[in-house]
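Remarks on the structure that follows.
The values are calculated or read from the model by the stated rules, or taken from the named source; none is laboratory data. Remember, predicted model here, so these are calculated numbers, not experimental data. Heads up, the Cβs are rebuilt from the backbone with ideal geometry, glycines too, and the neighbour counts pull from every protein chain shown.
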Amino acid sequence: MTIEHLVVRDFRNLASIELSPAAGVNCLYGDNGAGKTSIIEAIHLLARGRSFRSAQLAPVIRYQCSSLHVVARLSRGTRLGVERSRENWRGRINGRDCQRLSEFAAALPLVLIEPDSHRLIDGGPDKRRQFLDWQLFHVEPDYLQVWQRYSRLLKQRNAALRSASSAMTLKAIETPMAEAADKLNHWRSAEVDKLRDSLKTLGKTLQFRMPGVLGLGYRPGHPPGIELARAWEEQRASDRERGFTQRGPHRADLKLSSDGHAAALALSRGQQKLLAVSLLLAQLMILKQAATEPPVLLLDDPVSELDASHLDRLFSWLPGQPYQTWITTTAQPAHAFSMFHVEQGILKN
């Protein structure tokens, strides 16, 4: 997938910009605060419905403006558009009103690498679950429907626990809930296997110097060797006391280790960043294999993520790949990229 034309209006310090990027590697360069990251943040908002820099929408809308606008024409003629105000949002796909964020995500698959990507390693399990879930959203057609079903039943079980519902009522919820959970766990475990294989391939290609022997595994959120339905039955008294379900795929985790030790504890911050970048690039390769067109890669300030040697290897590798890539840097790199100079919210060339 490539973005052939992009229009961004009233987004942070961007009053109005319009550009036609290359299908390969595009570099947005300029001083700090120039608006480089705002451009790829706008792309992320178009695809995911939210900013990766702010949980609040108000700072994203340009000062003294009522709303922001992002419009993109994609390869094969697909058109996406989003208008966001502080209270409402309006989305359109090929001229059709659309309120489902999942349709935007499916139309514009992307992988984002940014300065907080190390949270994938040292952050909570929710970061790693989200990482796996986005991957599965793009590679498994039924994943979203099953995940939504499990989430809905989880809310029902939690409500039943708090209202002291009978064991029969809980059982009626748990039976279909376990079926959905088993599917989620099966798919997630298979994706971890794919990640492990992609990491090996990527390591041979990019020759990143990864510390120790890396391990990837899937922890399903309940004790191994026991069926989830039975685990819920055994946990009911404790779940009633706490008022929520303590076991299940909503508590699952992607286990990351180095030489048998938890990666978050064994690796330095620089090593964690390198591992996070490698995982995200491995995911990029998996999404490419599953889609008719490769996903878009967003690289925000990779200088803060990688040292000079690893960055040079990545920059040398990217032009030969099928991914449209957007990179932000403060200095113009010495590579044959399509260059866009951003200065005070304005494209200078």
| Residue check, R209 part of a loop (DSSP other than H, G, I, E, B), exposed (fewer than 14 other Cβ atoms within 10 Å of the Cβ), of a type in the set (K, R) and under 26 Å from the mean Cα position of the chain (by Cα) | yes
| note | The residue that is nearest to L279 (Cα to Cα), considering only those in region 157-195 that are β-branched (V, I, T) and in contact (Cβ under 8 Å) with a residue 40 or more places away in the chain, is V192
| note | With the first residue restricted to region 322-349 and required to be among the acidic types (D, E), and the second required to be in a loop (DSSP other than H, G, I, E, B), Cβ contacts under 8 Å at 6 or more apart or on different chains are E343/G30; E343/D31; E343/A34
| remark: When restricted to E87, E83, the only residue outside any helix (DSSP H, G or I), loosely packed, with under 14 Cβ neighbours inside 10 Å and in the same structural domain as M1 (by TED's automatic domain parsing) is E87
| message | Quick check on my filter: what residues within region 23-51 are in a loop (DSSP other than H, G, I, E, B) and surrounded by 17 or more Cβ atoms within 10 Å (Cβ to Cβ)? | response | G24, G30, A34, G35, S51
| surrounded by 13 or more Cβ atoms within 10 Å (Cβ to Cβ) and modelled with pLDDT under 90 - does that describe any residue in region 307-330? | no
| Hey, L314 touching a residue at least 60 places away in the same chain (Cβ under 8 Å), within 21 Å of the chain's Cα centre (by Cα), over 23 Å from R53 (Cα atoms) and not assigned by TED's automatic domain parsing to the domain that holds H186 or not | yes
| Only one of A290, A262 that is farther than 30 Å from L46 by Cα and not acidic (D, E) | A262
| Hey, any hits in region 8-19 for a residue that's assigned to a helix (DSSP H, G or I) and either assigned by TED's automatic domain parsing to the domain that holds S316 or of a type in the set (A, V, I, L, M) (or both)? | no
| query | Does V342 satisfy being of a type in the set (A, V, I, L, M, F, W, C), crowded, with 20+ Cβ neighbours inside 10 Å and not assigned by TED's automatic domain parsing to the domain that holds S16? | reply | no
